[in-house]
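Only the coordinates and a few stated rules stand behind these numbers; no lab work does. Keep in mind that what you see is a predicted model, and the values were worked out from it rather than measured. Cβ atoms come from the backbone with ideal geometry, glycine included; neighbour counts cover every protein chain shown.
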Amino acid sequence: MGALPDISRRAFLIGSTAVAGGVAFGSFVAQAEQVAAPAPAANPLAAGLGPNAVAFNPWVEIGPDKITLIAQHADIGQGVGSIQVVLIAEELDLDPGQFEIRFAGPSPAYFNTGFADEFAPFLAADHSEAAEAARAATLEYLRKTGLQMTGGSSTIPDTYEKLRMAGAVARETLKAAAAERIGMPVADLRTGSGQVILPDGTTIPYVHLAADAARIPPVTAVTLRDASRWRMVGRPMERLDIRPKVTGEMKFGIDLKLDGMVFASVKLNPNKGQPITAYDASRAVGMPGVKTVLKLTNGIAVIATNSWYAMKAAEAVDCVWAPSPYPAEQADHWKVLGASFAPEFLGKEWRKTGDIDAGLKTGTRVEAEYRAPYLAHAPLEPLNGIALVTERGMDVWLGHQSPQSVQQIAAAAAGLKPEQVTFHNQWTGGSFGHRLEFENVRVLAEIADQMRGTPVKLVFSREEDFLQDIPRQIAIARYRGSVADGKIVAADLQLASTAPLKGLLERMGTPSKDPDEQLKVGIWNVYYDIPNFRAASYEARGLSPCTTWRSVGASTAGFFTESFIDELIHAAGLDPLEARIAMCSVPNYRKVLETVGEMANWQGPLGNGKGRGVAFVESFGTPVAEIVEVTATARGIKIDKVWVAADVGKVVDPVNFENMVQGGIVWGLGHAVNCELTYADGAVQQTNYHHHEAMRMYQCPVIEVRGLENDRKVRGIGEPPVPPAAAALANAIFAATGQRIREMPFNKSIDFV
Amino acid sequence: MIELTVNGTKYQVDVVPQMPLLWVLRDELGITSAKYGCGIAQCGACTVHVDGRAVRSCQAPVGAISGKPITTIEGLSNGDLHPVQKAWIEHQVPQCGYCQIGQIMQAVSFLELKPDPTDEDIDLVMSGNLCRCGTYARIRTAIHAAAAKMAER
């Protein structure tokens, strides 16, 4: 989720508790049933098929003149618009260029099986019978609810088998149709390059078999090919969206055009979620290109002949806003958060082993407080969308990770039923969790409803995008630990935070009373042998709404925990890498740490103003170890190099894998160094990139990446590289300078080149 | 009416002269390869060439550039892709891709002035183009690769 959610790339969890061998899921069930369909869900492609066309399953559509493969997960830059259809094409014997890619509409047929592991309340490294049973029960729950969402680094776990199966079913059905037509045994037929091949070499293109294939039931008894026979999966290949993204031909949501379209921009209450109380548009109405000014629930929209005219006029509307329900000033956010370490705010004590009180009294005590601020997602493509309301209902074109929620929220905003909303998902210019939220969806629907019959394109100004961004959680860690005889004896990890996932669920219309499951990530999944251990989260109330931001809970807790573990290791007089390897209780995870040590040729302290820091975090099931090397120069800290090892079970798309990991490092480091959102007078003060810059080219280190394939499951890589990055950097700065940095952004404490 | 020449084609547009070139291209002419990212020359996603030099089109009032040749990525080369584009494909630079057209337009203009850049040269010039996905390492590699190819010609 966000990061980009990515959700997407963002995490997405539903509060879950193991109950009597099964799994119960908070209050999501009742709501989710509204979107549930009988299992198995009907094929959503069936309704849209032309004559003589066939849809073998929800992912493969073949007509007399073209083949279309359906991508159910939204592409937010992570490359799934490519790899999903490649997984299908692998088994279907299609080559790049022989098919079109279309994003799926909302349907329970596209429920995300990839959430099963993340939702089940067991550590990723736990492969016990109970853990696997809970995961299986979770999968059935997901099937029943039909939740279709991109997020939680789940696309590959969800689709790795399912889409190859979809391709194999289509292939075998086409062969069966060909066999029937020519009266030859299926066993004598082969397939290749979009054709069925007869023993004499004669070929029948798939498109010529569509009508025949539509008349027979799909052949579902198929076996997946062995990996040794793969042509594309697991091998370096050109991502299918690279070329149009280099020629300029790629149309993102913001680039679409409909005939007769008008352009809209908005000015919305920066006190998030609050209404507008009054406005004066007299300066705006006479401005060039302006057609009209509309009142919305939480602001105004200007309709104009050009986006720029609309933005300029929106700026000129004077608005009176209802105040925020959260503290107007940032200092008070920190105060409320700091006061949340109290029993009435306890989310959950996630894990407790040994005797923490006795352990803390043993040896040398170490205590530290860490902080992480609100952050914006700010994908480079600002929020936008096109909508048209007619007598029949509403069509919506925009990029989003939650198609069913778009349907419901757009419908509610325009007084329609969800089934009256047709959602056309689009390629997006990033998300990092932003496109799991609905700030653009709701106002677009309100605008289109007031402009019935006219298509409206809404583009948020960058400033509005920042002001309306539902930010990353803020968090404070109050950690205590002790060391004795060169060992860590105790670690008591207590965290207070706003609740990102619960906030998202509430805005989706599916509120949960359970503790926020994302706040355990980075505190409970600590795989070091520490005999006395406790991890608990507290949930602050009454602060800014928050949501999933690339790597979600682990983006803050990963920094806190791996920095604090480093403090304990140093207090115990140990080597940061060797100690982590020695303490790591999961053999595959130990290999990840060992690998990154080999890559960096780790040999302890460097001297000469140089320092190296290591960090290890498992998030979304993927263990990632990183080493950052810095130099303390006269102009500040220079980040020289980063080494990363990650175990994903199978590297499905190797070039893209490396690109994603490098991008995750840049994301994690850049925001840790120089980004925060602060509130003043109820609104965030940072409204464009010069206030919230993250990493630019001149700060980008060399990043060396290695993917391991030891895990028994296939894992995602969109988010997991992010959480260790900030901690590894802080640990490296400590090694180079002796200065321990406990607060993001780091540039408040130390200068960077 | 303001007259513009984009990729060799003449257009007449009826907009106020203060309108930034970006919005004329996108909303008036339907040329959407130049992207809106920040509106204040902080991100570089809108980069096009005016008079053969990289310009942030979000900060270029259309009235001030009437008559000057404007090139978007569609007009970068006739038919075949530009060596910089080829390097971008070979090294698979894009993730979301939204910033990449601006990155390429900046890199092309840069390489014309500095055909054999060092990493420091690249950092200096390319730091004006944000990439939220973090593809900087690949951009650096692709620029060096393109420079090498262009030197062969």
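If we restrict to alpha carbons, what Rg and Dmax does the range A:133-265 come to, in Å?
20.4, 62
Loop-only check: which trypsin sites (Lys or Arg not before Pro) in the range B:1-75 are DSSP coil with at most 11 other Cβ within 10 angstrom?
Passing sites in the range B:1-75 do not exist.
With N set to the residue count of the range B:27-130, report its C-alpha Rg divided by 2.2 N^0.38 Å to two decimal places.
Ratio of Cα Rg to 2.2 N^0.38 Å: 1.04.
By per-residue mean of other Cβ atoms within 10 Å, what is the highest-first order of B:139-145, A:360-366?
B:139-145, A:360-366
Scan around A:Ala475 for amide H atoms under 5 Å from its own, H built in the peptide plane at 1.01 Å from N, and keep only partners 5 or more places away or cross-chain.
Sorted by chain and number, the residues that satisfy this are A:Ala372.
What distance in nm separates the two pseudo spin-label positions at B:Val13 and B:Gln59, each 7 Å out from Cα along the beta-carbon direction?
The modelled label-to-label distance comes out at 1.8 nm.
Work out the mean other chain Cβ neighbour count within 10 Å for the residues of B:27-35 and drop it here as an integer.
That average works out to 5.
Based on the Cβ-Cβ distance from A:Asn710 to B:Ala148, what FRET efficiency comes out when R0 is 45 Å, to the nearest 0.05?
FRET efficiency, A:Asn710 to B:Ala148: 0.75.
Let me confirm one metric for peptide A:380-387, namely the mean number of other chain beta-carbon atoms within 10 Å of its residues' beta-carbons.
Counting Cβ atoms of other protein chains within 10 Å of each residue's Cβ and averaging gives 4.
Would you please give the residues with an amide H less than 5 Å from that of A:Leu147, counting only those at least 5 places away or on a separate chain, with H modeled from the backbone geometry?
Amide H to amide H, under 5 Å and 5 or more residues apart or across chains, A:Leu147 pairs with A:Asn112.
Antiparallel versus total DSSP beta bridges in the protein assembly as shown: what percent is that, nearest 5?
Among the beta bridges of the protein assembly as shown, antiparallel pairing accounts for roughly 75 percent.
From zero up to wherever the largest Cα-Cα distance of the range A:582-700 sits, split into 10 Å bins and tell me the percent of pairs in each.
11, 35, 32, 17, 5, 0
If the cut-off is a Cα-Cα distance under 22 Å, which lysines reach A:Lys251, setting aside same-chain residues fewer than 8 apart in sequence?
Here the lysines satisfying the reach criterion relative to A:Lys251 are A:Lys66, A:Lys457, B:Lys35, B:Lys86.
Pop out the ³J(HN,Hα) list for the range A:440-446 in order, Karplus 6.51 cos²θ - 1.76 cosθ + 1.60 with θ = phi - 60°, rounded to Hz; leave Gly and Pro as x.
3J(HN,Hα) across the range A:440-446, in whole Hz: 7, 5, 5, 6, 4, 5, 4.
Taking θ = phi - 60°, what integer Hz values does the Karplus form 6.51 cos²θ - 1.76 cosθ + 1.60 yield along the range A:346-358, in sequence order, with x for Gly and Pro?
Along the range A:346-358, the couplings run 4, x, 6, 8, 7, 7, 8, 10, x, 10, 5, 5, 5 Hz.
Using θ = phi - 60° and the Karplus curve 6.51 cos²θ - 1.76 cosθ + 1.60, what whole-Hz ³J(HN,Hα) does each residue of the range A:463-468 get, with Gly and Pro shown as x?
Per-residue couplings from phi come out as 5, 5, 4, 5, 5, 9 Hz.
Looking at the range A:261-321, what % of the alpha carbon pairs are farther apart than 20 Å?
Everything past 20 Å amounts to 18 percent.
What nm distance separates the two modelled labels at A:Leu258 and A:Leu606, each placed 7 Å from Cα along Cα→Cβ?
It works out to 5.5 nm between the two label points.
If you wrap a convex hull around the Cα atoms of the range A:286-326, how much volume per residue is inside, in Å³?
78 Å³
Under 4 °C and 1.567 mPa s, how fast does the protein assembly as shown diffuse according to Stokes-Einstein, given a Kirkwood radius computed over C-alpha pairs? Answer in µm²/s, whole number.
Result for D is 46 µm²/s.
Kindly work out what percent of the DSSP beta bridges joining two residues of the range A:44-101 are antiparallel, to the nearest 5.
For the range A:44-101, the DSSP antiparallel bridge percentage is about 75.
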